Amino acid sequence: MSFGSVPSVSVSDVPEPGPSAALLDVREDDEWTAGHAPGALHVPMGDVPSRMADISVDGTLYVVCRQGGRSARVVEYLQHAGVDAVNVDGGMVAWQQAGLPVVDDAGRPATVY
């Protein structure tokens, strides 16, 4: 899936969330509840414009969805708003396939598919 000039990284290049990097999950509530990356911030794609204050980060914002399509569109929007945003290639499906941790809201191991 190609989105032109949208900067992208593989799941293996996403750093741990911290002061210089954050992970934003833009999937819907039911997708988030099924499983998400530990430390991610959840703001569904449709809520991003109204929740920009919740999305502020001092460094790079890594944006993830299920497979990368929605997150690429959110990255475009965020870049136009002046945010240093990067799309996570392959989304949470690639995340889980790479063996990276996926948890539910209680922190228990979970899956995205």
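Each value in this text was obtained by applying a stated rule to the coordinates, not by laboratory testing. Here the structure is a predicted model, which means the values were calculated and not measured. Glycine also receives a Cβ, built like all others from the backbone with ideal geometry; neighbour counts cover every protein chain displayed.
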Among the DSSP beta bridges whose two residues both lie in the chain, what percent are antiparallel, rounded to the nearest 5? 20
Rg to Rh ratio, the chain, alpha-carbon atoms and Kirkwood radius? 0.93
Fewest Cβ neighbours within 10 Å first, please rank His42, His36 accordingly. His42, His36
Relative contact order for the chain: what percent, with Cα pairs under 8 Å and sequence separation of 6 or more? 34
Ascending count of other beta-carbon atoms within 10 Å, so fewest first, for Arg108, Arg27, Arg73: Arg108, Arg73, Arg27
If you build a Gaussian network model of the chain, linking Cα atoms that sit under 10 Å apart, which residue out of Gly35, Gly69, Gly59 swings the most? Gly59
Output the relative contact order of the stretch 51-113, whole-number percent, from Cα pairs under 8 angstrom with separation of 6+ residues. 29
What list do you get for Asp105, Asp25, Asp30 if you sort them by fewest beta carbons within 10 Å? Asp30, Asp105, Asp25
Explain nothing, just the number: dipole magnitude of the chain about its Cα centre with +1 on each Lys and Arg Cβ and -1 on each Asp and Glu Cβ, in debye rounded to the nearest 20. 200
